[in-house]
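First the structure, in the form of structure tokens, and then the observations on it.
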Amino acid sequence: MSNSKHIHVVIFGIGNVGSTLIQQINMAQSNLQLKHQLQIEIPIITNSKLAFYNENGIENSWLIDFEKFSEPYKIEDIIQFIKAKKIKNVIAIDATASVDFVQNYVPLIENGFHIVSANKVANTLSYDFYEALRQSLRKHNKSFLYETNVGAGLPIIETIKNLYNSGEHIAKIRGVFSGSLSYIFNEYSESDVSFSKVLSQASKLGLTEPDAREDLSGNDVARKLLILARELNLKTEFQQVKIESLVPKKLNGKTNVQQFNARVKELDLPFQKRKTALSKNQVLRYVGELDVVRQTLEVKLITEQKQSPIGQLKGADSIFEIFTESYGEKPFVIQGAGAGKAVTARGLFSDIVKLSNSLN
């Protein structure tokens with residue numbers, strides 16, 4: 001054990017993804033030690049208001065311990081604890097979806113933390129914030145990994161980075177970026193069930209947000225598209241993404257979740273019209289498309305041929321088509337589970353292990 005590399009992860013957010021990550025780390029400890037001489041300890045876990053501290057690392061009883069011993073915290077308390085205990089090789093894990101929490105990234109970086117994040121917000125705020133964050137990382141020689149921002153556990157960002165850094169000319173990226181919308185249109189295109197019923201099924205399976213309009217608005221797909229554009233050094237803002245929202249204006253705005261759910265059948269007729277217009281070899285797909293040459297980003301509902309890679313999609317899988325100079329007319333395709341707590345947590349875990357390889 002004395003030759004082991006010790007990594008310390010502070011997990012912000014212990015909901016579905018965060019708690020699954022803790023479970024995955026605990027289950028993998030012996031394997032990490034055997035294969036990588038790596039020991040991952042978790043000295044702090046937090047939710048939005050409370051933190052639980054254990055400098056020796058939390059144990060399998062962490063949930064009970066959190067309920068009994070957690071206390072209110074500010075980010076300064078976390079930083080002070082790490083400094084006081086002289087804990088090294090520290091990675092802050094952002095397993096939240098918080099807009100506010102990303103404002104803590106720079107203070108954490110300045111105080112010795114690396115960042116691994118499933119939260120897309122930091123990469124989709126203004127380009128000024130995006131660049132200032134990277135300047136801070138360079139200044140303090142810290143890393144920021146966020147593979148799960150696009151495609152959950154799929155290696156999308158790493159692939160795009162590697163292609164771009166090797167000088168490959170990427171002309172276009174398109175695909176179905178949302179697991180929930182993938183399921184909805186895969187089911188809807190192939191069945192005689194109403195759109196509202198398919199939406200309800202997706203909700204019961206836990207594929208949509210509690211307010212399904214978060215998915216149907218297209219904003220989540222737009223954020224993922226923006227992240228990929230910025231990986232290709234396009235200085236694009238979120239407002240420049242052209243988004244076809246699937247929520248009628250009358251069901252947005254002043255209606256709350258309960259009112260939307262009560263009126264959800266109003267979605268059936270417009271989608272039925274789109275479906276009726278399809279030929280037997282066509283399906284509906286909700287896609288993101290980045291045209292690198294024209295520098296345009298678009299999120300839209302399209303008609304697709306069934307035999308195409310996007311048309312053949314099943315279940316809640318995501319698919320990414322990457323068109324490059326070397327690959328010619330046929331795109332390089334990455335497909336698989338693009339959503340879910342297990343694959344997202346596994347993606348965070350993979351980033352932790354990858355980052356650990358560069359630490360002393």
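The values are calculated or read from the model by the stated rules, or taken from the named source; none is laboratory data. Owing to the predicted nature of the structure, the values given are computational and were not obtained by experimental measurement. Cβ placement follows ideal geometry from the backbone for every residue including glycine, while neighbour counts extend to all protein chains displayed. Surface accessibility is based on the protein's heavy atoms, side chains included, excluding ligands, DNA and RNA. Shrake-Rupley method; radii C 1.70, N 1.55, O 1.52, S 1.80 Å.
Identify all residues within the range 287-323 that are polar (S, T, N, Q), in contact with a helix residue (DSSP H, G or I) (Cβ under 9 Å, 6 or more places away or on another chain) and open to solvent by 20 Å² or more (accessible area, probe 1.4 Å); write none if there are none.
The answer is Gln295, Thr296, Thr303.
Pick from the range 270-286 the residues that are in contact (Cβ under 8 Å) with a residue 12 or more places away in the chain and charged (D, E, K, R): which of them is surrounded by the most Cβ atoms within 10 Å (Cβ to Cβ)?
The selected residue is Arg285.
Among what's in the range 325-358 and is aliphatic (A, V, I, L, M) and over 22 Å from His114 (Cα atoms), pick the residue that is modelled with the lowest pLDDT.
Restricting to residues being aliphatic (A, V, I, L, M) and over 22 Å from His114 (Cα atoms), the top hit is Ala339.
Of all residues in the range 215-243, how many are in a helix (DSSP H, G or I), more than 14 Å from the chain's Cα centre (by Cα) and within 30 Å of Ser196 (Cβ to Cβ)?
Of the residues in the range 215-243, 2 are in a helix (DSSP H, G or I), more than 14 Å from the chain's Cα centre (by Cα) and within 30 Å of Ser196 (Cβ to Cβ).
Counting only residues that are open to solvent by 10 Å² or more (accessible area, probe 1.4 Å) and of a type in the set (Ser, Thr, Tyr), which one in the range 329-358 is nearest to Asp94 (Cα to Cα)?
The qualifying residue nearest to Asp94 (Cα to Cα) is Thr344.
Just one of the numbered conditions (1) modelled with pLDDT of 95 or more; (2) surrounded by 17 or more Cβ atoms within 10 Å (Cβ to Cβ); (3) within 20 Å of Leu359 (Cα to Cα) is not true of Phe101; which one?
Result: Phe101 passes all but (3).
Only one of Tyr164, Tyr188, Tyr130 is within 30 Å of Ser326 (Cβ to Cβ) and buried (at least 17 other Cβ atoms within 10 Å of the Cβ); which?
Exactly one residue qualifies, and that residue is Tyr130.
Of all residues in the range 10-47, how many are at pLDDT below 95 and of a type in the set (Ser, Thr, Tyr)?
1
Could you check Ser326 against (1) over 30 Å from Ala95 (Cα atoms); (2) open to solvent by less than 20 Å² (accessible area, probe 1.4 Å); (3) among the polar types (S, T, N, Q) and say which number it fails?
(2)
Tally time: how many residues in the range 153-187 are assigned to a helix (DSSP H, G or I), within 20 Å of Gly340 (Cβ to Cβ) and in contact with a helix residue (DSSP H, G or I) (Cβ under 8 Å, 6 or more places away or on another chain)?
Selection size over the range 153-187: 8.
Just checking, how many residues over the range 71-99 are acidic (Asp, Glu), outside any strand (DSSP E or B) and touching a helix residue (DSSP H, G or I) at 6+ places or on another chain (Cβ under 9 Å)?
1
Based on this model, can you work out whether Leu267 counts as assigned by the TED database to the domain that holds Ser194, surrounded by 14 or more Cβ atoms within 10 Å (Cβ to Cβ), out of contact with any Lys or Arg (no Cβ under 9 Å at 6 or more places or on another chain) and of a type outside the set (Lys, Arg)?
Considered against the rule, which asks whether it is assigned by the TED database to the domain that holds Ser194, surrounded by 14 or more Cβ atoms within 10 Å (Cβ to Cβ), out of contact with any Lys or Arg (no Cβ under 9 Å at 6 or more places or on another chain) and of a type outside the set (Lys, Arg), Leu267 comes out as yes.
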